[in-house]
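Okay, structure first, notes after.
The values are calculated or read from the model by the stated rules, or taken from the named source; none is laboratory data. Here the structure is a predicted model, which is why all the values come from computation and not from measurement. Cβ placement follows ideal geometry from the backbone for every residue including glycine, while neighbour counts extend to all protein chains displayed. These area figures cover heavy atoms from the full protein model, side chains too; ligands, DNA and RNA do not enter into them. Shrake-Rupley method; radii C 1.70, N 1.55, O 1.52, S 1.80 Å.
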Amino acid sequence: MVAVTDAELEELPLPTAKAIEVVAFVPAASIDPVLLSGDSYFLQGDGQFAAKPYAPIAKALARNTKVAVAKLAWHGRERLVLLRVGDVVVVAHVLKWDDEILDPAELAPKGLEVTHSEIDAAVHLVDSMTTARDGAL
């Protein structure tokens, strides 16, 4: 065994320090919103060399309903991100790692019975309050 200090760990280069590593392409609808951390960033290629792979990937993502799950280095640590095309650029949405998500099963109400009329009333409420989204909330 070899002891490694925190300072030595911080000096280790991350494999994604200068590039984004695409792990997989998945259907956008398959990403559970609970995975999103809330942080989003616009990405751009750093110079002509980076623009060459950036442009075709951006156009390919814009053509279909897939997004990329990727890893990138951010503030000295590797982050998991979802890449999608925004209006004109690629947007990176920071994702949570599996171990950052709590199991919701223990939060669900137990022993509650709900009647059909209560569900119907809730559906009516949802329908009566539904509006078309015009871009502003």
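Nonpolar atom fraction for the range 47-137, defined as the carbon and sulfur part of the 1.4 Å probe accessible area, stands at 61 percent.
Once the Cβ-Cβ distance between E78 and A29 is put in as r, and R0 is 25 Å, what FRET efficiency do you end up with, to the nearest 0.05? The computed FRET efficiency comes out at 0.45. Across the range 103-110, rounded Karplus estimates of 3J(HN,Hα) from the backbone phi angles (6.51 cos²θ - 1.76 cosθ + 1.60, θ = phi - 60°) give 6, x, 4, 6, 8, 5, x, 10 Hz, Gly and Pro being marked x.
Hey, what's the range 24-82 come to in accessible area per residue, 1.4 Å probe, Å²?
Working: 4130 Å² over 59 residues.
For the range 24-82, the solvent-accessible area averages 70 Å² per residue.
For the range 17-126, the normalised intensity computed at q = 0.09, 0.18 Å⁻¹ comes to -0.37, -0.92 (log10 of I(q)/I(0), Debye sum over alpha carbons, equal scatterers, no solvent). Taking amide H atoms as placed 1.01 Å from N in the peptide plane, the amide H of V85 lies under 5 Å from those of V91, each 5 or more residues away in sequence or on another chain. With a simple spin-label model that places each label point 7 Å from the Cα along the Cα-to-Cβ direction, the separation between D127 and A51 comes to 5.4 nm.
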